[in-house]
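Notes follow once the structure below has been shown.
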Amino acid sequence: MTARLAANYPYVFAVVLFVIGVHTLLAHANLLKKIIGLNIAGTAVFLYFIAMGNVRGRLEPLVDPAHPHAEFVNPVPSALILTGIVVAVSVTAFALSLVLKLYRHYGTLDAEEIVRLRSILDEDH
Amino acid sequence: MRITDHFPLTIVVGTLLGAYLSPIVGHVRRRWLPPFAVGVTLLALIQAIQLNIRVRDCGELTYQLGGWPAPWGIELLVGPAAALMVLVLAAISTLIAVYCMAYIDHEVAPHAQSWYYAAFLLLLAGMLGMAVTNDLFNTFVMMEITTIGACALVAAKDSRRAAEAALRYLLLASLASTLILLGIGMIYMITGNLNLTYLTRELETVWRQYPRLATTSLGLLTLGFALKAALFPLHVWLPEAHSAAPTPSSAMLSGLVVKIYAFSLIKMNYVVFRPILGIVAPLRELLILLSAAAIIGGSLFALVQDDIKRLLAYSTVAQVGYIFLGAGLGTPSAVMAAFFQIISHSIMKTCLFLSAGIIAERTGRRKIALMDGMGRVLPLTSAAFTVAALSMIGLPLLSGFIAKWHLFLGGLEAERPVFIGLILMSGLLNAAYYLPVIWRFYFVEPQVCPVIHGDPAGDAGALGAPGSWPPPGIRRRILSRLEAPLPMLLPVVALALACIVLGVWTGPTIAHLAGVAQTIIGGPGR
Amino acid sequence: MSTSSGGWYAILTVTIPIAGAIVIALLGEKQGRARLAVGIAAAVGPVLLVVQMLRLLGDGRPVTITAWQVGPILTLRFSADRLGLLFAAVASTLWVATTIYSHGYLAGGPNVRRFFSFLSLSLTATMGVALAGNLFTLYIFYELLSLVTYPLVIHDQTREAARSGRMYIIYSLCGAALVLLGIVGTMALRGSLEFRPGGLLAGVEPSGLVSLTAACYIAGFGVKAAVMPLHGWLPQAMVAPTPVSALLHAVAVVKSGVFGILRVLLFVFGKDLMAEAGIGAALSVVIAASVLLGSISALREDTLKRRLAYSTISQLGYITLGVTMLNAEAMAGGLVHLVNHAVMKIVLFFCAGIIITVTGRTKISQLDGIGRVMPRTMGCFALAALGMVGVPPVCGYVSKWYLLRGAVHAQQWPLVVVLVASSFLNAAYFFPIVIRAFLRPYREDVPGLEPGGHGAGHAAGGHGPVGHGMHGAPAHSPGREAPATMLWPVVLLALVTVALGIWSAPLGFIELLVKGL
Amino acid sequence: MDDDVILNEVATRVVPMIHVFGIYIIVHGHLSPGGGFAGGTVIGIGMVLFVLVFGIRAARRLIPEDTLIALTTLGPLWYAGTGLVGMALGHQFLANANAGLPLGNPGALLSGGLIPVITLGVGASVALTVAVLFLVIVEED
């Protein structure tokens, strides 16, 4: 069991990271930390993909005329993750802009504080 | 290749281009934006109709991007189900775009409008892409486009409520995306394929080696899609997002976005992961239980709302439960009911949101307690709202009833009559929160004569802003006799009529959906 | 079942009132005469068509048509058989009278246009229920009936009316939902929704599902038919204007509930299955209780319209009892009572309406000597009351006689006791009114008579249109009868009750009907 | 921030280098490691750094809003336009080899038919999207 875990250490890391990320996203009240958590979770998945594509002892996926039948690592997950990263960047940027907007409205990044402030503001209306 | 051969692609790419072009169009002349958006959606609609005809006549259509054959290249596949979904998406969003022509100034600031339309079309493109793609990773990308577009549509309204709702929506939807991506990774790991057809084929043999990975993958995908489609305990983001957004966005979100995720979930569960359908029965059982909770819980929450848009949002939570219930039961009639509900609820909910929007725009009222006498002030709008609401309740000869009826039959086929009682109860709960609104419309005298929303531009109300369409001369003549600008009234009335037509003349739809259900679950259609 | 040439009559019967409603809605609020003309035309049209369909049926040409195919199983089918035509004939004929009466009753009030539009639509719904050829059609019109009668119930738009209306709609929707559940049960048992003489489910083994389905139907239709534990809405709904109470709560709504029960019992379950599954026996216990309890509740009620409402609850039981006894005589008695009760009860309600309109009095304790002031009205009332009790020659005795004979024939002694006891109870709650009205001296100074403000604490009173200044005269000047549009329908219908007692025309028809089952 | 000498000096030297590196990655996208996404992000980050250091006004002076919007749109249009070439040649969208264009030899950057062309579009749109997203955040007021 331990040996298998050690052999698959990237996956173990990915899972641990994922859990950390999701926990940060869900448990922290600070909006910035939530976004960071989201990114950690995302990165964990990226790590998972990259680890999946890697095959120990194989070459990088470049066609080299010198070795026409060389065995490569799987390049597809890396390519996918590039897209994933771009997506994550966009989402993060968007989320940050919203956080900024909220900060300007409420003067805090604390989600619970925002809910409290909002209920007060709503009563005023 | 003829141009029509490219339609599975161009319907997505064209809309995407429209999204990217709209900032430019808006920059050149803001007045051109609304008709431009309508044009783009209309183009998508035409292609969707053509696709449906093609699929009906020639069966499934495939399209290989770049000409790379299937397991390597990205493949688009338009089967009966996808064609139908595309049609619903294009048709409803065309109507919403038409509605926007007159409405947009009311809730979206002028400088944000070009971005609003960009997000609108981006969202549509993402959903269309999700419907037609036959590639798992491509589904993810399109889903992310959808998510960002949807959140942008919520955030477009410059209010703190909208920003907060959008952020919460974005965070949870992204979490869902991450889960889905993880699921994609797992299934790719064991099958080595991203093309859904090949993936399914591979899974047939390989799942025995990795049963846990396969089921975990499906579980993650289901959880992710359920979170995005707001299945009951995961719905927390929905009411606020759907009610704080500008009305056309609410209609788009409640009417379409939720559906495309539900559609994807059905596709994943029944088509892609069909080989392991047997061993994930507990998952489906959970889905059924949660949808039952959604049907009742959503309605109960809706009962206590005092804001009409929040009421409609909670009602969506309940109605989405029907889709999942149908999907979970998994008999031919139940799956058919799920699809019928996708169509029917898109129409009903869009109609409800848009008419609530007219009421808000004309009278400035959103609280249900202030809806007194609306039937006199805005007769057509109220009538449309009433038709759609009655359809929600499930009165016969309206589309909502047909969905419920087939769900009943599905419950019988699955031999789980308890859900029949559940749906009936939900119908009564629907009545309990929709009928008081209708009652206020027609049987309570307006306490204070509602003020028609004044706009500096004059008699055309909010439409009268200098940059709107069509030109003022014609507009004034037509509109002086109408309760609301024609572009707003037209979609609402059309949707209400669609509710009736779909409820009265169901033969062709049912026949088509029977075929769809058959392709989905592989069983004999009814 | 194929489409027959007469099928269009059925469709027209259902659509003519819709057209009438639209025309009425398009007419102005002030165009009272035109409205009356259209309203009468929309009610007379169905009467003529029903007569025509009866003739076709007499010639042995059944009237049935598939109007529209909604979906694979869901068809909109009309079929005019004897049972449906019986109900259609009664309802449409009484509708004509009600339309005329309402015109007088509501003259000058607010929202009259809305009232007449929905009155006409209610006729559509009732005709639809009567002529429905399958369960789906029956369900549609049954549900429609709740919706279109709702505006009539809350016509006055008072807080009281709103509350009663809410209660009415909740009961109705729950009832309709139960019916739908029954339909789904039928689907599970047979996979078809078409009515068949002898029973759609004939041949199905009695099982829990059969009983459950039957229970759903009976409870679902029983809500409208105000079977005793489900009757809560009926006395409340007496807040509606009197013509509504009369028509809807003596004829259309409650009778369509009863009709639904009959239709389902006879054409879905069939006599054999009813007997085998013990549906009839179980039902007759409930109904017998309903008959007695309704009468007892009526005894304790002081408000006239509410007493009539409880009387309805009790009398409707007869009809269902007749069918549950499962023999020809009792069945004929029950079906005749469908006709007789409708005519008698509408006379009673119309009289109550006249009393409210002219004097503003809603309570029985206020009716001292009213018969001396309004002899014609109270004469009619007395006549109908006698009929209710079962005194010949007014028509009520015919149905009771047949029912009793059926009960004796079936050796159902408890039911015989119930029938007899109920007749005594009828007498006990109707005769005091008549006695009060004719034998006590008229009292001028009865409290609670302010026009429009009377009976504030009572749902039953609602408020009559007295306040609307019907003919400009002080509302309760003694010695005044109601205006002709109100009085004549009453007198005419009262004469009909006697005529039906002397020459019971429907009886022959009903015997044919029963033979056909 | 405008008066921070160290930041200004470093940025003046680093930003061009970042951009050049980004372009380098982009043009290597198809036949050697690199690509539009990665390179575009690098360029975008360079722009973000520029805005962070020199402020938004300087950025606006350099690229007016109109131009930025036009450019942002240009990337996808470029991509789609390239895709249409395949269609125009009677094949699928984005068709390259099937439409008779060369697939390319490893290392020879210009031998790849439409692929380098497309990569440019990807790079441009990614770079500008990153920049625009950042500007949207910073500009909110």
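The values are calculated or read from the model by the stated rules, or taken from the named source; none is laboratory data. All figures in this text were calculated on a predicted structure; none of them were measured in a lab. Counting neighbours? That spans all protein chains shown, and the Cβs are built from the backbone with ideal geometry, glycine included. Calculation scope for accessible area: heavy atoms of the full protein, side chains included, ligands and nucleic acids excluded. Shrake-Rupley method; radii C 1.70, N 1.55, O 1.52, S 1.80 Å.
So here's what we get for this one:
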item	result
Residue within the stretch A:87-104 that is open to solvent by 70 Å² or more (accessible area, probe 1.4 Å), over 24 Å from residue B:193 (Cα atoms), at pLDDT below 90 and within 9 Å of another protein chain (Cβ to nearest Cβ) present	yes
Any pair with Cβ under 7 angstrom, 6 or more apart, that starts in the stretch C:14-41 at a residue that is within 23 Å of residue C:77 (Cα to Cα) and ends at one that is among the β-branched types (Val, Ile, Thr)	C:14/C:124; C:17/C:124; C:18/C:124; C:20/C:38
The stretch A:1-14 residues that are among the hydroxyl-bearing types (Ser, Thr, Tyr), paired with ones that are open to solvent by less than 70 Å² (accessible area, probe 1.4 Å) (beta carbon under 7 Å, 6 or more apart)	A:11/A:48; A:11/A:51
Meets criteria (more than 29 Å from residue C:266 (Cβ to Cβ), over 16 Å from the mean Cα position of the chain (by Cα) and within 12 Å of chain B (Cβ to nearest Cβ)) for residue C:107	no
Residues that are in contact with a His (Cβ under 8 Å, 6 or more places away or on another chain) and within 14 Å of chain D (Cβ to nearest Cβ), drawn from the stretch A:26-70	A:59
The stretch C:155-166 - residue that is touching a residue at least 12 places away in the same chain (Cβ under 8 Å) and surrounded by fewer than 19 Cβ atoms within 10 Å (Cβ to Cβ) and, of those, nearest to residue C:237 (Cα to Cα)	C:163
Residue that is modelled with the highest pLDDT [pool: residues in the stretch C:477-503 that are surrounded by 13 or more Cβ atoms within 10 Å (Cβ to Cβ) and not in a helix (DSSP H, G or I)]	C:483
Helices (runs of 4 or more DSSP H) contained entirely in the stretch A:7-124, each with at least 2 residues that are within 27 Å of residue D:122 (Cβ to Cβ)	A:31-53, A:76-106
Residue match in the stretch B:72-93 (condition: within 23 Å of residue B:360 (Cα to Cα) and in contact with a Ser or Thr (Cβ under 8 Å, 6 or more places away or on another chain))	yes
Failed item in (1) modelled with pLDDT of 90 or more; (2) farther than 20 Å from residue C:142 by Cα, with residue C:258 passing the rest	(2)
Residue count for the stretch B:285-313, restricted to those that are open to solvent by 60 Å² or more (accessible area, probe 1.4 Å) and touching a residue at least 24 places away in the same chain (Cβ under 8 Å)	5
Residue B:77 being among the aliphatic types (A, V, I, L, M), part of a strand (DSSP E or B) and open to solvent by 10 Å² or more (accessible area, probe 1.4 Å)	yes
Any hit, the stretch B:202-223, residues being open to solvent by 20 Å² or more (accessible area, probe 1.4 Å), facing chain A (nearest Cβ under 8 Å) and over 20 Å from the mean Cα position of the chain (by Cα)	no
The listed residue being open to solvent by 10 Å² or more (accessible area, probe 1.4 Å), among the hydrophobic types (A, V, I, L, M, F, W, C), within 11 Å of chain A (Cβ to nearest Cβ) and not in a loop (DSSP other than H, G, I, E, B), out of B:189, B:143	B:189
Residue in the stretch C:193-210 that is among the small types (Gly, Ala, Ser), part of a helix (DSSP H, G or I) and within 21 Å of the chain's Cα centre (by Cα) present	no
Residue B:105 vs. criteria within 12 Å of chain A (Cβ to nearest Cβ) and more than 17 Å from the chain's Cα centre (by Cα)	no
Those residues of the stretch A:1-25 which are surrounded by 14 or more Cβ atoms within 10 Å (Cβ to Cβ) and aromatic (Phe, Trp, Tyr), in sequence order	A:11, A:13, A:18
Members of the stretch B:25-42 found to be within 10 Å of another protein chain (Cβ to nearest Cβ) and without any contact (Cβ under 8 Å) to a residue 24 or more places away in the chain, listed by number	B:28
Criterion (in contact (Cβ under 8 Å) with a residue 24 or more places away in the chain, outside any helix (DSSP H, G or I), open to solvent by 10 Å² or more (accessible area, probe 1.4 Å) and of a type in the set (A, V, I, L, M)) met by exactly one of C:293, C:326	C:326
Identity of the residue in the stretch C:226-269, of a type in the set (S, T, N, Q) and crowded, with 24+ Cβ neighbours inside 10 Å, that ends up farthest from residue C:119 (Cα to Cα)	C:256
Hey, residue A:73 more than 11 Å from every other protein chain (Cβ to nearest Cβ) and either hydroxyl-bearing (Ser, Thr, Tyr) or open to solvent by 30 Å² or more (accessible area, probe 1.4 Å) (or both) or not	no
Selected residue (only one of C:347, C:373 is within 27 Å of residue C:485 (Cβ to Cβ) and open to solvent by 10 Å² or more (accessible area, probe 1.4 Å))	C:373
Residue satisfying condition, being part of a helix (DSSP H, G or I) and either closer than 20 Å to residue B:352 by Cα or basic (Lys, Arg) (or both), within set B:117, B:103	B:103
The listed residue being over 27 Å from residue B:12 (Cα atoms), open to solvent by 20 Å² or more (accessible area, probe 1.4 Å) and facing chain A (nearest Cβ under 7 Å), out of B:168, B:160	B:160
Residue satisfying all of: in the stretch A:108-125; of a type outside the set (Asp, Glu) and within 27 Å of the chain's Cα centre (by Cα); most open to solvent (accessible area, probe 1.4 Å) among these	A:115
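Per-residue answers, yes or no, for (1) modelled with pLDDT of 90 or more; (2) open to solvent by 20 Å² or more (accessible area, probe 1.4 Å); (3) within 14 Å of chain B (Cβ to nearest Cβ); (4) touching a Pro at 6+ places or on another chain (Cβ under 8 Å):
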position	(1), (2), (3), (4)
C:86	yes, no, no, yes
C:93	yes, yes, no, no
C:100	no, yes, no, yes
C:116	yes, no, no, no
C:127	yes, no, no, yes
C:139	yes, no, yes, yes
C:143	yes, no, yes, yes
C:170	yes, yes, yes, no
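Yes/no matrix, rows are residues, columns are (1) at pLDDT below 80; (2) closer than 26 Å to residue B:248 by Cα; (3) open to solvent by less than 30 Å² (accessible area, probe 1.4 Å); (4) out of contact with any Lys or Arg (no Cβ under 6 Å at 6 or more places or on another chain):
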position	(1), (2), (3), (4)
B:431	no, yes, yes, yes
B:449	yes, no, no, yes
B:469	yes, yes, no, yes
B:474	yes, yes, no, yes
B:517	no, no, yes, yes
